[in-house]
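The values are calculated or read from the model by the stated rules, or taken from the named source; none is laboratory data. This structure is a prediction, so every number in the text was calculated from the model and none was measured. Methodologically, a virtual Cβ is constructed for each residue, glycine included, from the backbone with ideal geometry; neighbour enumeration extends over all protein chains shown.
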């Protein structure tokens, strides 16, 4: 780098005249990116884990009986190939177990092992504390107001999608 601070997308667009909707989208993206980058850094530092592995374990945490690779893929909104390689590494580490599906012998159920549940439990507690720390300057009223406004954003986006994205 040339010694100049790196500009995020939100800061760059503020230098040019853009519609408020675009600035809002970039503000949301910037906040998400900042939080995600810090969570990734802390997962790596504290647990030697990646965010995708954490996310996969989080999906399995919710259902003790396990899920098929296809179910996990849909929930994570990633390809089955990505899930397969993550699962392979988690099985090798002892965090995930595979077993044949009782309903369809062609598919396998994956679930957290006892060791994986313990490991994820520690990570989930740390993750919750990290997010609370990152948002510590927001009071209860700030959080409630932001949640209310973001619900409106979500409803607007969902309605636009339902209309076919044509306003």
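Computed quantities for the displayed model
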read-out	value
Residue in the stretch 130-148 that is within 21 Å of residue 62 (Cα to Cα) and loosely packed, with under 12 Cβ neighbours inside 10 Å present	no
Filtered residues of the stretch 109-147 (kept if part of a strand (DSSP E or B) and either closer than 16 Å to residue 55 by Cα or outside the structural domain of residue 66 (by TED's automatic domain parsing) (or both))	110, 111, 112
Residue check for residue 27: under 22 Å from residue 85 (Cα atoms), out of contact with any strand residue (DSSP E or B) (no Cβ under 8 Å at 6 or more places or on another chain), at pLDDT 90 or above and not in a loop (DSSP other than H, G, I, E, B)	no
Residue within the stretch 148-159 that is out of contact with any helix residue (DSSP H, G or I) (no Cβ under 9 Å at 6 or more places or on another chain) and in a loop (DSSP other than H, G, I, E, B) present	no
Identity of the residue in the stretch 41-73, touching a helix residue (DSSP H, G or I) at 6+ places or on another chain (Cβ under 8 Å) and not in a helix (DSSP H, G or I), that ends up nearest to residue 85 (Cα to Cα)	50
